[in-house]
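Below you'll find the structure, written out as structure tokens, and then a few comments.
Throughout, read-outs are computed from the coordinates displayed, never taken from laboratory work. In this text the structure is predicted, and so the values were computed from the model without any measurement. So basically every Cβ, Gly included, is an ideal-geometry build from the backbone, and we count neighbours across all protein chains shown.
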Amino acid sequence: MHFPHFPLEFIQSMLSLVAIAVGGLIAHKINKPTDVDRATILARIAEGAAALVLSLYPGKSWAELLKLTVQQIIAAAGIPTKNAAAIERAAAAALLKHGVTPA
């Protein structure tokens with residue numbers, strides 16, 4: 001039986017490509033944020049959004065502030081979820097943390 005002969009450089013470059021691909025997959029799995037990480041990121045984004053909305057619209061009603069805060073969260077870069085209910089809960093919590101309560 002005859003096996004094809006590959007140059008050593010070809011074998012080394014193929015092994016390097018495989019190692020890079022496997023390393024990338026492992027790094028992605030390791031660096032994937034947990035649910036707690038995503039919740040923390042969303043809360044921080046919501047707090048910043050609420051602070052901005054409150055500074056721009058201090059006389060608005062709770063419902064309007066909530067709506068505007070949700071819009072600011074959605075527009076933020078790096079938002080960890082597309083779940084509308086989670087975003088609205090984070091917005092409400094952030095407004096409450098800033099001392100704004102529903103009328």
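General remarks:
- Each Lys or Arg adds one and each Asp or Glu takes one away; over the other residues whose Cβ falls under 12 Å from the Cβ of Ala51, this sums to +1.
- Cβ-Cβ FRET estimate between Lys60 and Ala93, R0 fixed at 22 Å, reported to 0.05: 0.80
- A DSSP coil position with no more than 10 other Cβ atoms inside 10 Å describes the following trypsin sites (Lys or Arg not before Pro) in segment 42-103: Lys82.
- Where the alpha-carbon atoms of segment 43-103 are placed on the principal axes, they occupy 29, 19, 17 Å, in descending order.
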